[in-house]
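Notes to accompany the following structure.
Every number here is computed from the coordinates shown, using simple stated rules; none is lab data. Remember, predicted model here, so these are calculated numbers, not experimental data. All Cβ positions, glycine included, derive from the backbone under ideal geometry; neighbour counts span all protein chains shown.
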């Protein structure tokens, strides 16, 4: 089997796209789709073994990927990583700023160290990677950057550190679009909502019942798929989005529009089976999070 992308074969032929957090979840899925569309993908993450496993999958499917271990929170490491990608591939045409992470805890229990760890990963690290891709490569020939944020439009109770960092990344996206647009670099963001991704397997076991109930707050009545997020990312990297700059594309099934006082109707199973509503399952190597298998 191969990735079932809706985009034209060869769309990114001859291009190099750097994907942070490429060892799992949305990053892994996006890397597979980009490689299937002809891109040479540079996989970036902290754990080399995970990157190598994804690179092997891509090679098995006929694509090309290199691996670059890097802690994006370290400025010198980021600078060296981007230089290494350029040394191996000669150019960087696209960046998917996907690396991130957070944990559940109320504000009063977040230590300064915990706050800094999340903000440095979800905001500062993304800034460093984007800045180095721009200064070392894209400022000379243009390019496209997609920052991955989150559904934080109604704030993120229980993950205030992540919500603050993600909101900061949206602002950074808009600023970079203005400053770098004249150099031929488009900067946009994608905000995934509730996505059935491997990242859910990091949640405590006691959260599983709560997570499974979350679909009741989504008008579309389900979790999104990694492939649905990847499709949005690929669109923003593609020539079809040539006049899209400084925007944030929400992929969330309409969840932020839910309001108190408006009764949520149960999802209509018959309607959900129709192509316009049914999940897009383009990723042939997708793995269902374990907490759903225990439902």
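Dividing the convex hull volume of the Cα atoms of segment 78-155 by its residue count, what figure in Å³ per residue is obtained?
100 Å³
Is it possible to state the helix-based mean residue ellipticity at 222 nm for the chain, with each DSSP H run of 4+ residues giving -39500 (n - 2.57), the sum divided by total residues, to the nearest 500 deg cm²/dmol? What is it?
Result for the chain, helices only: -10500 deg cm²/dmol.
Give me the angle, in degrees from 0 to 90, between the Cα long axis of helix 48-60 and the longest principal axis of the Cα atoms of the chain, rounded to the nearest 10.
80 degrees
Taking Cα centroids, how far is segment 101-115 from segment 1-62 in Å?
A separation of 32 Å, based on Cα centres.
To test your reading of the geometry: what angle, between 0 and 90 degrees and rounded to tens, separates the Cα axis of helix 25-36 from the longest principal axis of the chain?
With both axes taken from Cα atoms, the answer is about 50 degrees.
Would you indicate which of [x] 16; [y] 35; [z] 13 is the value of percent of Cα pairs over 36 Å apart derived from the coordinates of this structure?
Answer label, from the structure shown: [z].
Can you give me the angle between helix 160-180 and the longest principal axis of the chain, using Cα atoms only, in degrees from 0 to 90, rounded to the nearest 10?
40 degrees
In nm, what is the difference between 0.36 nm times the number of residues separating residue 139 and residue 116 and their Cα-Cα distance?
Using 0.36 nm per residue and subtracting the Cα-Cα distance, I get 5.3 nm.
Rank the residues 180, 262 as a footprinting-exposure proxy: fewest other Cβ atoms within 10 Å of their Cβ go first.
The most exposed by this proxy come first: 262, 180.
Which ordering of 115, 153 is given by a fewest-first count of other beta-carbon atoms within 10 Å?
115, 153
When a/c is below 1.5 the answer is rounded, else prolate if a/b is larger than b/c, else oblate, so apply that to segment 1-42 with a ≥ b ≥ c taken from the square roots of the Cα gyration tensor eigenvalues.
Here segment 1-42 falls in the oblate category.
Which of 255, 166, 186, 222 comes first, and how do the rest follow, when ranked by fewest Cβ neighbours within 10 Å?
Ranking 255, 166, 186, 222 by Cβ neighbours within 10 Å, fewest first, gives 222, 255, 186, 166.
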